[in-house]
Amino acid sequence: MADSAQKAAPAAARPPKRREPKTLPDGTRKPNPYKVEKKRRLPAVPEVVLNRRRDRRAHKKKSLALKLKAKADKRKLRQKYFTRAEAYIKKYRTMEKEQLRLKREAKAQGTVLVPAEARLAFVIRVRGVNQIHPKVRKVLKLLRLLQINNGVFVQLNKATLSMLRIAEPFITWGYPNLKTIKQMIYKRGHAKIDGRRVPLYSNTLIEKYLGKYGIICVEDMVHEIFTQGKNFQKVNNFMWNFKLNNPKGGWRMKTKHYVEGGDFGNREGKINALLAKMI
């Protein structure tokens, strides 16, 4: 018993062991000397495949950026088209109000307002090639009226009026209004591109070929035709001649003048009613 007491006494007097801190003085964690580090394996996918995936991701990212940019540009162009169309409508309404004001002033003064001479005509071919003089054939070719029911816009001057008089038995013509011009271009308008007849399906097509003249949309074309602007000839040559149907109800008599109850000749503002039946 005494021996066991002597052995237990020094064990009780021994100080307790202190646990070593797990962090270094700089605050970083001590490495575990007993931890077995796993070796990093090489990638199982070949490097060529990884490069292809990287290139594919880069290409996808680039194409997405291009699509977003194209979408933003398209939105800006639509806004530009709308702004131009709005400006033209405002201009046309101002012209109508001015014309109405002049008529009211003339009526108040007991006079009559004489309208200005028309500067634009729409010409339609009504007869074929039978009994046609070579000179008339040449004029019809210059006017691009190669088939029956073909139509074109013509700017009226001394030269074109003399041509219309020469070919008068084979054509009918008159003075179109703004509504008729819009309907003709929107419903029957085609472009002449590399000798081919292409429908005006998009404003980008117009901008591509007429953008250098400041014409980027259909409303610009309508404005140039209606006002006979400086680029009238460029726009008119860009368009294919209009191919129309026979009028609803048919023609009256192609061999008689319009004033005699026939069809050929100048019918002035009555051309708008005829075109409404032929579009």
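Data overview
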read-out: Probe 1.4 Å - accessible area at ASP73, Å² to nearest ten; value: 60
read-out: Shape of the range 120-278, Cα gyration tensor, a/c cut at 1.5; value: prolate
read-out: Within the accessible area of the range 154-254 (1.4 Å probe), percent carbon and sulfur; value: 51
read-out: Cα centre as origin, Lys/Arg/Asp/Glu Cβ charges: the range 155-209 dipole, Debye; value: 120
read-out: Spin-label proximity, LYS91 to the range 179-208 - amide N less than 20 Å from point 7 Å beyond Cα toward beta carbon; value: 179-186, 203-204, 206-208
read-out: Accessible surface of the range 48-116, 1.4 Å probe, proportion on carbon and sulfur as whole %; value: 59
read-out: THR160-ARG252 pseudo-label distance in nm [points 7 Å out on the Cα-to-Cβ vector]; value: 2.5
read-out: Which of LEU210, GLY174, LEU50, positive extreme of dipole for the chain (C-beta unit charges); value: LEU50
read-out: When the convex hull of its Cα atoms is projected in every direction, mean area for the range 48-116 (nm²); value: 6.4
read-out: Helical contribution to [θ] at 222 nm, DSSP H n ≥ 4, -39,500 (n - 2.57), averaged over the chain, rounded to 500; value: -16000 deg cm²/dmol
read-out: Coarse-grained scattering of the chain at q = 0.09, 0.12 Å⁻¹, given as base-10 log I(q)/I(0) from a Debye sum over alpha-carbon atoms; value: -0.64, -0.92
read-out: Whole-number accessible area per residue in Å² for the chain, which is evaluated in the context of all protein chains at 1.4 Å; value: 75
read-out: Mean separation of Cα contacts under 8 Å (6+ apart) over length of the range 120-278, as relative contact order %; value: 29
read-out: Angle between the chain longest axis and helix 218-227 axis [Cα atoms, degrees, rounded to 10]; value: 30
read-out: Simple Cβ-charge dipole of the chain, Lys/Arg +1 and Asp/Glu -1, about Cα centre, in debye nearest 20; value: 1720
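The values are calculated or read from the model by the stated rules, or taken from the named source; none is laboratory data. Just so it is clear, the model here is predicted, and its values are computed rather than measured. Here Cβ is always computed from backbone atoms with ideal geometry, including for glycine, and neighbour counts include all displayed protein chains. Protein only, heavy atoms only, side chains kept; ligands, DNA and RNA dropped before computing areas. Shrake-Rupley method; radii C 1.70, N 1.55, O 1.52, S 1.80 Å.
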